[in-house]
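Read through the structure below, which is laid out as structure tokens, and then see the notes.
Bear in mind that the values in this text are calculations on the coordinates, not laboratory data. A quick note: this is a predicted structure, and the numbers were derived from the prediction, not measured.
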Amino acid sequence: MIVKKDFLMKLKEFGLNSYESKLWTALLSRGTSTAGELSDIANVPRSRSYDVLESLEKKGFIIMKIGKPIKYIAVQPEEVVERIKKRIEEDTVYRRKLLDNMKSAGVLNELNLLFKNGIKMIEPNDLSASLKGRQNSYNHLDLLMKEAKGNIILMTTMEGIERKHNSFKKTFKKLKDKGVKIRIAAPLNSNSQKFVKELSKIAELRNISHIQARFCVVDNKDFWFMALDDKDVHPTYDLGIWVKTPFFASAMAKMFDSVWKDLKPVKN
């Protein structure tokens, strides 16, 4: 039996390795078969077949018949998918309980203590990073903003205002409830009305058309910016830079203030 490699690769989504994929598809094509037959059909070494079939049985992909010679029966693929979904759900519940137990057992406090002690030993020039890919950069920006205590300055592009709305709306709401002041400057037009309407409830927005930039200043300490124009780069190759630098971040905040006062406010 010949099965295309790209099809076997897709079966990794089922949590199967190469041998498991080959033996399972071989059994599906036969309905029921012995380990030796399946080994020959799938081109899997006989010395490995029994171990692999046992693994497939534990995962719920096949059933072992009683009797001699030992034969295996394929489980219907739809049923396999349901079993995988159930196993994932059970695993998720287990892992959540495990994390909750870590909190109650004080493990998280100990980890935080180690982290805080480690941070004290980091040199100032080590508190910087380059983040490849737009999503990676946004994940780090989200982390920075969640730690904000006083104010956040954000400048973005016409296309970026929609992305910021979709990516950080929940974070912005939580920050507003904490009393953090959020100011956003971006080129706005009729296409951005929907996002502006929602964002203006939780942040102060102003329209800027003469400057194109993508950056954020958090509490005048952390400076984050995107190095490339989002019109010219694919999200996968976008590049973000983060630096913890109160000196430069404060300077950027003051320059932003000097521009901000001349911008037209956007009302809710």
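Key figures for this structure:
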read-out	value
Computed over the chain, the ratio Rg/Rh where both radii use C-alpha atoms and Rh is Kirkwood	1.18
0 to 90° range, to nearest 10: angle between helix 18-30 axis and the chain longest Cα axis	50 degrees
Restraint check, LYS164/LYS261; LYS146/LYS261; LYS176/LYS197; LYS149/LYS221; LYS12/LYS59; LYS169/LYS197, Cα-Cα greater than 18 Å	LYS164/LYS261; LYS146/LYS261
The chain, helix-only ellipticity at 222 nm - DSSP H runs n ≥ 4, -39,500 (n - 2.57), divided by all residues, nearest 500	-16500 deg cm²/dmol
Whole-Hz ³J(HN,Hα) from phi, Karplus 6.51 cos²θ - 1.76 cosθ + 1.60, for segment 179-184, glycine and proline x	x, 7, 7, 10, 10, 10
